[in-house]
Amino acid sequence: MDINELLDILEKTYPDAKCELHYTTPFELLIATILSAQCTDVRVNKVTSKLFEKYNTPKDFVELGEERLGNIIKSCGLYKSKSNNIINTSKILLSRYFGQVPQTLEELINLPGVGRKTANVVLSNAYGVDAIAVDTHVFRVSNRIGIISSKNPEDTEFKLMEVIPKKRWSKAHHLFIFHGRRTCKSQNPNCIDCTIKCYCKYFKENRGNFN
């Protein structure tokens, strides 16, 4: 499989592929990404469009408090743990980083509620760092196509970093997400109209079902 050819086709298929979370600062992106766990970007954007009008700094969130924040973000799901993590992360940003979001993976993953996926989203989109954030779409698409074979997101991240040129890591992340949401869906993937089916392991193994 020529990974560059595959990515070239996906770029032509999804020329508008980019982060679909709405934000204006690294901190807003950090909060939005924490909220996006097991929640759609559409829902998160609806919540943050109002939230960020009044609260958009670590100090704002600490003053807002866990209970009031929880009521605002309730529709995003897991609101109790998310509000707890966001408030504690905000406190750490104020006490250790002068209210700024750190720019290294090691520092980010030590913040409450921030795993490798969230850290890589922030690094890639807010700071322009080459990174691959593995969410459910990236995990599903890359394994289903056969780009790599992995049983967990972290291993998927490392294997994708090996086969994809570093300069294309960040863009590949967005392309896989767009492809997963629009074509290579979890249930009933639209293989017939898929622009990269000639590369796809899943399509080749199930070709007889599409005739």
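Here are the numbers for the structure shown:
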item: Any hit, the range 52-63, residues being over 15 Å from T25 (Cβ atoms) and either free of Cβ contacts under 8 Å to residues at least 12 places away in the same chain or not assigned by TED's automatic domain parsing to the domain that holds N120 (or both); result: yes
item: Of the criteria (1) part of a helix (DSSP H, G or I); (2) under 18 Å from C39 (Cα atoms); (3) of a type in the set (V, I, T), which one V134 fails; result: (1)
item: Test: residue in the range 166-180 that is surrounded by fewer than 20 Cβ atoms within 10 Å (Cβ to Cβ) and free of Cβ contacts under 8 Å to residues at least 40 places away in the same chain; result: yes
item: I72 of a type outside the set (D, E), surrounded by fewer than 20 Cβ atoms within 10 Å (Cβ to Cβ) and in contact with a Leu (Cβ under 9 Å, 6 or more places away or on another chain); result: yes
item: E157 vs. criteria among the acidic types (D, E), surrounded by fewer than 21 Cβ atoms within 10 Å (Cβ to Cβ) and either assigned by TED's automatic domain parsing to the domain that holds C39 or on the phi < 0 side of the Ramachandran plot (or both); result: no
item: Pairs with Cβ under 7 Å, 6+ apart, first in the range 139-164 and in a helix (DSSP H, G or I), second aromatic (F, W, Y); result: V141/F176; S142/F176; R144/Y202; I145/Y199; I145/Y202; P153/F139; T156/F139; M161/W169
item: Segments classed as helices (runs of 4 or more DSSP H), wholly inside the range 31-96, with at least 1 members that are under 20 Å from the mean Cα position of the chain (by Cα); result: 41-54, 66-73, 79-96
item: Matching residues in the range 190-206 - criterion: being basic (K, R) and either in contact with a Ser or Thr (Cβ under 6 Å, 6 or more places away or on another chain) or surrounded by 19 or more Cβ atoms within 10 Å (Cβ to Cβ) (or both); result: K197
item: Condition check for S81: assigned by TED's automatic domain parsing to the domain that holds S36, among the polar types (S, T, N, Q), in contact (Cβ under 8 Å) with a residue 12 or more places away in the chain and crowded, with 16+ Cβ neighbours inside 10 Å; result: no
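The values are calculated or read from the model by the stated rules, or taken from the named source; none is laboratory data. Just so it is clear, the structure is predicted and the values come from calculations on it, not from any experiment. Ideal geometry is used to build each Cβ from the backbone, glycine not excepted, and the neighbour counts take in all protein chains shown.
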